[in-house]
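The values are calculated or read from the model by the stated rules, or taken from the named source; none is laboratory data. Please read all numbers here as calculations on a predicted model, not as lab measurements. As a convention, Cβ positions derive from the backbone with ideal geometry for all residues, glycine included, and neighbour counts pool all protein chains shown.
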Amino acid sequence: MMPRIFGNHAALHLIRTMVQSGHVPHACLLHGEKGLGKKTLARYFAMSALCTGAVQPCMECSSCRKAVQDVHPDILWVEHSGKKQGFSVETVRSICRDAIVAPNDGERKVYIFADCDSMDIRSQNTLLKLTEEPPPHVLLLFTAEHRNVFLETMLSRMVPLAVCPCTPEDCRQALLEAGRTQAEAEQAVSICGGNIGKCLEWLDSAEMQAMTKHAGELTAAIAAKRSYDILRILAVYEKDGKAAAEFVRLLDLQLRDALVLKYTQDNLTGCDRQSAQALSQVLSVNRSAQLHRAVQETYDALQANVSPRLALAALGGQLC
């Protein structure tokens, strides 16, 4: 069955409006952080665009049934290729050639380029003409965490659709429907917020659970001004830039909670209330702003592929 889509009412409304009005663009970009369901939404868009029922997607017509079973000949998930598992020039050229061929079943052929964050410039330039002037029966759907992975010339030819986290209530319901217990759902949402994919990943990953534990321990170490513990915990992530960036993100949520707890007890987003509470008792507003800037600069540096060892060492000096 087609997975239920939680939240993202604005994106769903826009997709329905475009399909029902007959004004479907030739290229769309669904963007948002990992775990929010961009590929599920792309699949929903493809089904809606090909549906022959009165209300799209009707889930009952031949087209919808084929799409649900992943056997629709006109919904094509482009395979990743190349050294970085993006989309190689050869793969893009084959899609450009295939796009000329008429659809098999319906009025459109839908090509889904999922997880485009590693698509290089040469491949984008090769795809540019198809994105700009595709055959009338072609719909191109792209998904990526960040819009800026695309060239401006590509972006100018796409309709962007932001994919957002759902509410905590919707996220808990999604986890319950996925077979998780109430306790697991509550714990995952308290740590990962309304990102269903990240909640599921956290529940299944001992590594991510250890990371949230470390974020709480680091928050407590900052509150107690334990310099050795601050540097020791940061050193755990100095060999993995991706893990370091995620850890720094969790730390920033803890710092936010510490400031929030100075004034209220609600709307917390971090992973450890107790350590955030301890930090809130010794944290001034000015110091909170300084720490947030330091963490943000570290995150930006890690995203720009600065050595995690150097980035975390610099952060440690500002946290101590």
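Overview of results
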quantity	calculated
Only listed residue being touching a Phe, Trp or Tyr at 6+ places or on another chain (Cβ under 9 Å), in contact (Cβ under 8 Å) with a residue 12 or more places away in the chain, among the polar types (S, T, N, Q) and surrounded by 19 or more Cβ atoms within 10 Å (Cβ to Cβ), chosen from THR219, THR212	THR212
Complete set of residues in the range 44-79 that are out of contact with any helix residue (DSSP H, G or I) (no Cβ under 8 Å at 6 or more places or on another chain) and buried (at least 17 other Cβ atoms within 10 Å of the Cβ)	CYS61, LYS66
Yes/no for LEU218 being at pLDDT 95 or above and in contact with an Asp or Glu (Cβ under 8 Å, 6 or more places away or on another chain)	yes
Selection status of LEU139, closer than 19 Å to ASP115 by Cα and surrounded by 21 or more Cβ atoms within 10 Å (Cβ to Cβ)	yes
Where ARG108 falls short, out of the listed (1) surrounded by fewer than 16 Cβ atoms within 10 Å (Cβ to Cβ); (2) under 25 Å from SER21 (Cβ atoms); (3) of a type in the set (D, E, K, R)	(1)
